[in-house]
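None of the figures in this text is laboratory data; all of them are computed from the coordinates on show. From a predicted model like this one, the values you see are computed outputs, not experimental measurements. Ideal geometry is used to build each Cβ from the backbone, glycine not excepted, and the neighbour counts take in all protein chains shown.
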Amino acid sequence: MRRLSARKVRVSVASECDMVSEMNSQLGELEWQDALEPLADSPVYKSALEHIKHPACPVLVAIVKAIEVEVGVALPRDVVIRFETTNHS
């Protein structure tokens, strides 16, 4: 992720997942505000609809979070999904 100007960022995702890697061809340079639009309008999520077959893929959130941090609209804080198991006996 790199900020190119006041309005643009360059998105490049390195992944061993072919589906995620294929998104790079569509993302490239983006107007960062477009990436933060509602899901149906976000170029990140539009690309994911074409390439990602796993609906719980956390990479999509990571891309949007990285854009937010890069342009200064969010703090660089880790995002964690944690599962706690309980004994239901």
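Pairs are defined by a Cβ separation below 7 Å, a sequence spacing of at least 6 or placement on different chains, a first member in the range 1-22 that is free of Cβ contacts under 8 Å to residues at least 40 places away in the same chain, and a second member that is assigned to a helix (DSSP H, G or I) and surrounded by 15 or more Cβ atoms within 10 Å (Cβ to Cβ); the pairs so defined are Arg7/Trp32; Lys8/Trp32; Ser12/Asn24; Met19/His51; Val20/Val59; Glu22/His51.
Looking only at the range 1-39, which residues are in a loop (DSSP other than H, G, I, E, B), farther than 16 Å from Ala62 by Cβ and among the hydroxyl-bearing types (Ser, Thr, Tyr)? Result: Ser5, single match. When the residues of the range 70-89 are filtered to those that are touching a residue at least 12 places away in the same chain (Cβ under 8 Å) and closer than 20 Å to Ala14 by Cβ, which remaining residue is surrounded by the fewest Cβ atoms within 10 Å (Cβ to Cβ)? Filtering the range 70-89 for residues that are touching a residue at least 12 places away in the same chain (Cβ under 8 Å) and closer than 20 Å to Ala14 by Cβ, the one surrounded by the fewest Cβ atoms within 10 Å (Cβ to Cβ) comes out as Val79.
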